[in-house]
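Colleague: Quick one: structure below, then a few questions.
What follows is calculated from the coordinates using simple rules that are stated; it is not laboratory data. Values in this document were obtained by computation on a predicted structure and should not be read as measured data. Here the Cβ is made from the backbone with ideal geometry for all residues, glycine too, and neighbour counts use every protein chain on show.
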Amino acid sequence: MAILLPPLPFEKNALEPYITSLTLEYHYGKHHNAYVVNTNTLIKDTELDTLSLEEIILLTANDLTKTSLFNNAAQVWNHTFYWNSLKYGGGHPTGEIAKKIDADFGSYDNFTKALKEAALGQFGSGWAWLVLMDGKLSILKTSNADTPIARGIKPLLCIDVWEHAYYLDYKNARADYADTVIKNLLNWDFANRNLKG
Ligand code: MN
């Protein structure tokens, strides 16, 4: 069973001017696609080729002989989650997640500060996450391909902070990219669905 590249949940120009179609051409069309191709190459003709993407990630997360497969499979999953975490407009949270952000972070401003700190504080390539841990919202950062689902932690939203996510639009200014995503692109409907699910 081949792992598929899911369609983007929006048109390539839907996030402009915050994230351009040029970035998405490369980030989705080249980078995300390459992780899919690599994963399929690595599972081809092995016992792993009947497993789901999530099963492959869990099975390889702590296996040092399968680091390449873990990295590629986790990057497939993380990118699909990232596209779903984005929606043009963004703004303040709504519904249950809004209440929970006030309860667990004290305020929306505290939440944005913590998420931005994670996005900037991740040394090198990686991800910043809003997650649900032990019933409470929390902010995490992970390196390279690492993903909360490998540790049984439920992600609600993520921001890709690999340079390929922002270099074409923001050059080296990761802070401007993180600010823009946090203010204008977070998909609170997706976060609410994840919170319920
Ligand atoms: Mn990426």
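Colleague: Going toward the positive end of the dipole of the chain, with +1 on Lys and Arg Cβ and -1 on Asp and Glu Cβ, which of ASN72, ILE57, ALA114 do you reach last?
Modeller: About the Cα centre, the residue reaching furthest to the positive side is ALA114.
Colleague: Would you mind checking the tilt of helix 95-105 against the longest principal axis of the Cα atoms of the chain, expressed as 0 to 90 degrees and rounded to 10?
Modeller: Between the helix axis and the principal axis of the chain, the angle is about 80 degrees.
Colleague: Let me ask another. Assign unit charges at the C-beta atoms only (+1 for Lys and Arg, -1 for Asp and Glu), then state the dipole size of the stretch 1-136 relative to its Cα centre in Debye, rounded to the nearest 20.
Modeller: 320 debye
Colleague: On average over all directions, what projected area in square nanometres does the stretch 21-85 have, based on the convex hull of its Cα atoms?
Modeller: Spelled out: convex hull of the Cα atoms, projected over all directions, averaged, 4.6 nm².
Colleague: Please list, in order, the residues from the stretch 2-34 whose amide nitrogen is less than 14 Å from a point placed 7 Å along the Cα→Cβ vector of LEU59.
Modeller: Counting only backbone N, you get 2-3.
Colleague: The stretch 83-114 to the stretch 120-196: how many Å between their Cα centroids?
Modeller: About 12 Å separates the Cα centre of the stretch 83-114 from the one of the stretch 120-196.
Colleague: I would also like to ask the following. Quick check: the angle from helix 67-85's long axis to the longest principal axis of the chain, C-alpha only, nearest 10 degrees?
Modeller: Between the helix axis and the principal axis of the chain, the angle is about 40 degrees.
Colleague: Can you give the charge dipole size of the stretch 95-196 about its Cα centre, rounded to the nearest 20 debye, using +1 on the beta carbon of Lys and Arg and -1 on the beta carbon of Asp and Glu?
Modeller: About 220 debye.
Colleague: Any chance you could run the full-extension gain for ALA98 through VAL37? It's 0.36 nm times the residue separation minus the Cα-Cα distance, nm to one decimal.
Modeller: On the way: separation 61, 0.36 × 61 = 21.96 nm, distance 3.78 nm.
Net length gain for the segment: 18.2 nm.
Colleague: Can you return the lysines within cross-link range of LYS136? Criterion is Cα-Cα under 16 Å, with same-chain partners fewer than 8 residues away left out.
Modeller: Answer for LYS136, where 16 Å is the Cα cut-off: LYS99, LYS100, LYS154, LYS196, listed by chain and number.
Colleague: Taking every pair of alpha-carbon atoms in the stretch 95-196, give the share separated by more than 18 Å as a whole percent.
Modeller: Percentage above 18 Å: 44.
Colleague: So what's the projected area for the chain, the Cα convex hull averaged over all directions, in nm²?
Modeller: Details: hull surface 42.2 nm².
Directional mean of the projected Cα hull area for the chain stands at 10.6 nm².
Colleague: What does the charge count around LEU24 come to, taking other residues whose C-beta lies under 15 Å from its C-beta (Lys +1, Arg +1, Asp -1, Glu -1)?
Modeller: Local charge sum for LEU24: -2.
Colleague: Hey, got the dipole for the stretch 21-85? About the Cα centre, +1 on K and R Cβ, -1 on D and E Cβ, debye to the nearest 20? Don't skip to the answer; put the middle values down first.
Modeller: Working: 3 positive and 7 negative charges, 49 e Å.
Charge dipole, the stretch 21-85, about its Cα centre: 240 debye, nearest 20.
Colleague: For helix 108-121, report the angle its Cα long axis makes with the longest principal axis of the Cα atoms of the chain; keep it between 0 and 90° and round to the nearest 10°.
Modeller: 40 degrees
Colleague: Also: Among 73-79, 53-59, what's the highest-first ranking by average C-beta atoms within 10 angstrom per residue? Walk me through the numbers on the way to the answer.
Modeller: Numbers: 73-79: 26.3, 53-59: 17.6.
Ranked from most to least packed, the peptides come out as 73-79, 53-59.
Colleague: Give me the extension gain from LYS30 to ALA14: residue separation times 0.36 nm, minus the current Cα-Cα distance, reported in nm with one decimal. Before the final figure, lay out each step's value.
Modeller: Details: separation 16, 0.36 × 16 = 5.76 nm, distance 1.83 nm.
Going from the current span to full extension adds 3.9 nm.
Colleague: Just grab the label-to-label distance for PHE123 and THR50, each label 7 Å out from Cα along the Cβ direction, in nm (one decimal).
Modeller: 4.4 nm
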